[in-house]
Amino acid sequence: MLKIIYVRLLNLKSNYIPYLIFLALPLIFMFVFGSAMGNGDGKILLPVYDSDKSEYSLALVRELESVGTYNIAIMDMEELKRQVSENSAEVGLVIPEGFQKSILDGKTPGLEMFITRESPNLYSLEGVLLGSIQRINYNISIADGTIAFLEKHLELDAEGRASLKERVYQLTGEKWNERLPVAVSGSVVNSGGSEASYDMYTQTSIGFTIAFSMFTFIFAVGEILEEKQNRVWDRINVSPLSKFRIYSGNLVFACILGMAQMFIMILIGYGVLGVNWLNNILGVIMVLFAYTFCTVSLGLLMSSVVRTSHQLQVIAPVLLVSSSMIGGCYWPLEIVDSKLLLAASKIVPQGWAMNALKDIIIYNQGMSAVYLPSAVLMMMGVLFMGTALQVSESAPT
Amino acid sequence: MLIQASNLKKYYKKVKAVDDIDIEVREGEILGILGPNGAGKSTTISMLSSLIKPDGGKICFKGTDISKDPGVIRKTLGIVPQDVALYPDLSALENLKFFGRLYRLRGEELDGRIEEVLDLLGLNGRARDRIKHYSGGMKRRVNIGAALLHHPEILIMDEPTVGIDPQSRNHILETVKQLNSKGITIIYTSHYMEEVEFLCDRIYVMDHGRIIASGTKEELKALISKDETIEMQVDRADERFTAKLKGLIDVKHVDENGDRITIISNKNSGILSRIFEAALENGVNLKSIQIKVPTLEDVFLYLTGRGLRD
Ligand SMILES: Nc1ncnc2c1ncn2[C@@H]1O[C@H](COP(=O)(O)OP(=O)(O)OP(=O)(O)O)[C@@H](O)[C@H]1O
Ligand SMILES: [Mg+2]
């Protein structure tokens, strides 16, 4: 088996360009897509249209900023609608005219949210807004109360009154701020407890690692076809080396190559893009092992169905790109509505791997989120491997 | 008996690649399998070397059924595939090392064997060049070398000289003789009857998946000893002339190839004068005519009515 791995590595020396491309391409994409599609700092983009333009609407925006989860962009209505409808942002917030007045009048102020679909972020924003407005209300009533109290003892002109109110308001706000972390974490919706760190870099880092390692796995296994064509395969097969060792040597080589690629991509995702790959190391390793087995088996199946490496080069990219799309490697499945497509994501290995990895890396789920997907991937692997051996056994050499 | 194969069959969808043949290989001989393209030579060899499973029949190596225990023959078999079966991107040295290791050779022993093989094939100078930069003849030699490292008892060579220059070809043929003189049993397939005639002790003639004749060169030629082969060159092809030849008493086969015509007829039948007569009748001029010593080519022609290289 080692002999086979060794000779594969020797061959790799003079034929490494394709694998280098499988590694470099997604790394470039990762940076480009990650920064183009997201905002890069782990915050949720929140477009805000402030038509009230009042002291209190500004206070609300500041409150939202102080929460730390949102990257707030003030813009006009058109732009806000565009961003939401194009999915650049999940929610857009509109502060209507008369916002300040209703607060001053002690009424419930109305806020409008633009959404294209329900999402966890939407609910958490609702919570944050409620909390913020409540705080604004408290601050105002404390400031009012303080001024009313002071007025009994001091002579205040209108100007002094206004500046005093502002000062008290600020002071109260600062007091709130000291206690903010408690209030904030309570208002963010997620199952794991700490803050969800969803951003485009995380999506692309996981997605491209899964999608492009598959290329490496499948083409590394596909080297068998090259050997069959130039008949080296025959030479190896009439040697005393058993079929089992010949196959396992080739498969282990593919595993090594693909896993090395995953490792580099994860390292860069973690070190450079700040993706939280280490959130649940054991879980990540388990999913990637199952995925590796599944994909290498798929490679073997594809290599036994097609006849030449040329055919593989034509068929594999089409198959891999489309199944990676379905599996949610290129864009998050969260933005997909079609029931059919979501169901389809359950029949491609990438779908299961993506799901499990996102659950543990983004949504902080524990090992319970890993077992089922890993088991499904292993079973797919067994199925592929079994069919592959069946096919190559019956096929003419 | 080294190898005894009986009732071998291999059918692909439409083709009966090998159709119920018996083959025996005796220790120390050079056995030839002669046949045109598609005759089933490679398929036969693949079955004998345990590479593909026959659809029927049985192959015994020294009495052991190789379908039950392919290990016995694999350890001691060297195979030279019809195509150059080497890693093109690796050097000859790297290729030989790898194939040697498949037979558990290593270290100094492996280095010694590689040296020996490179010497035998006259490849010493360029062992570190990549195979893909070699000439056709050199590739062929490394292809043979890779089968010799483990000192096989049997060497199976599938058309090892296809597509190379005469010099390399002679070198290879000499090497085969030399290997055989060291006691290696050789199975040699070819569609060049000269090679088989030069090398082989016994010959199987294959066509369309069947063995149509077998025996020593002499035995095979005796098949046509009652016949003689007449070759002539004419100044122009003429249908009526060939039709006339076919109709002559004692003529068994007429093979026409442009201005060359080959006739097999009964020996000593005074056929020549009748050929001249026919030529005169049809206004055809004979540029040359001769009675040939029979070759295996003629045997094949006699057996199948076709030339080997049609
Ligand atoms: N894997 C295969 N699938 C289908 N048909 C095959 C296969 N291998 C061989 N054949 C067919 O079987 C027949 C015998 O082929 P084989 O390669 O044994 O002939 P051969 O005598 O070695 O010919 P050549 O001199 O061209 O090498 C041919 O008609 C060929 O097309
Ligand atoms: Mg052949």
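Readers should treat all values here as calculations from the given coordinates under stated rules, not as data from a laboratory. Quick caveat: nothing in here was measured; it's all calculated off a predicted structure. Neighbour counts run over all protein chains shown; Cβ positions are idealised from the backbone, glycine included.
Tabulated data
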| quantity | calculated |
| --- | --- |
| Mean separation of Cα contacts under 8 Å (6+ apart) over length of chain B, as relative contact order % | 20 percent |
| Of A:K3/B:K177; B:K41/B:K75; B:K10/B:K177, those spanning more than 29 Å from alpha-carbon to alpha-carbon | A:K3/B:K177; B:K10/B:K177 |
| Residue mean of other protein chain beta carbons inside 10 Å, B:72-80 | 3 |
| Estimated FRET transfer efficiency when R0 is 30 angstrom, pair A:L2-A:V314 (beta carbons, to 0.05) | 0.35 |
| Set of aspartates and glutamates with alpha-carbon distance to B:K13 below 18 Å, sequence-local pairs under 8 removed | A:E393, B:D55 |
| Order by protection proxy (mean Cβ within 10 Å, highest first), peptides A:94-103, B:78-87, B:277-286 | B:78-87, A:94-103, B:277-286 |
| Counted charge near B:K292, where neighbours are those whose Cβ lies closer than 9 Å (Asp, Glu -1; Lys, Arg +1) | -3 |
| Eligible aspartates and glutamates near B:K292 by straight Cα distance, threshold 13 Å, same-chain separation 8 or greater | B:D227, B:E228, B:E231 |
| Taking A:L12, B:L48 and counting other C-beta atoms within 10 Å, the order from fewest to most | A:L12, B:L48 |
| B:H191, A:H153, B:H253, A:H310 arranged by Cβ crowding within 10 Å, fewest neighbours leading | A:H153, A:H310, B:H253, B:H191 |
| Stokes-Einstein diffusion coefficient of the stretch A:288-397, Kirkwood radius over Cα pairs, 4 °C, 1.567 mPa s, in µm²/s | 87 µm²/s |
| Ranked B:F99, A:F215, criterion: other C-beta atoms within 10 Å, fewest first | A:F215, B:F99 |
| Cα-Cα P(r), the protein assembly as shown, percent of pairs per 20 Å interval | 14, 30, 23, 16, 11, 5, 2, 0 |
| Dimensionless Rg/Rh of the stretch B:226-293 - Kirkwood Rh, Rg from C-alpha atoms | 0.91 |
| Normalised convex hull volume, the stretch B:123-281, alpha-carbon set, Å³ per residue | 173 Å³ |
| Per-residue average of Cβ from other chains inside 10 Å of B:46-54 | 2 |
| Exceeding the 31 Å Cα-Cα cut-off - candidates B:K14/B:K132; A:K107/A:K165; B:K182/B:K221 | B:K14/B:K132 |
| Projected-area mean, the stretch A:45-178, by convex hull of Cα positions, square nanometres | 8.6 nm² |
| Under 15 Å, Cβ to Cβ, from A:D105 - net charge with Lys/Arg +1 and Asp/Glu -1 | -2 |
| Sequence-separation-based contact order of the stretch A:45-178, relative, with Cα cut under 8 Å and 6+ spacing, percent | 24 percent |
| Computed helical MRE - 222 nm, the protein assembly as shown, DSSP H runs ≥ 4 contributing -39500 (n - 2.57), nearest 500 | -17500 deg cm²/dmol |
| Shape call, chain A: gyration tensor on alpha carbons, a/c limit 1.5 | prolate |
| Whole-Å semi-axes of chain B's equivalent ellipsoid (Cα gyration tensor) | 42, 23, 16 |
| Qualifying trypsin sites (Lys or Arg not before Pro) in the stretch B:146-190, DSSP loop, other Cβ atoms within 10 Å at most 15 | B:K182 |
| Gaussian network model of chain B, springs between alpha carbon atoms under 10 Å - residue of B:L173, B:L148, B:L34 with greatest fluctuation | B:L173 |
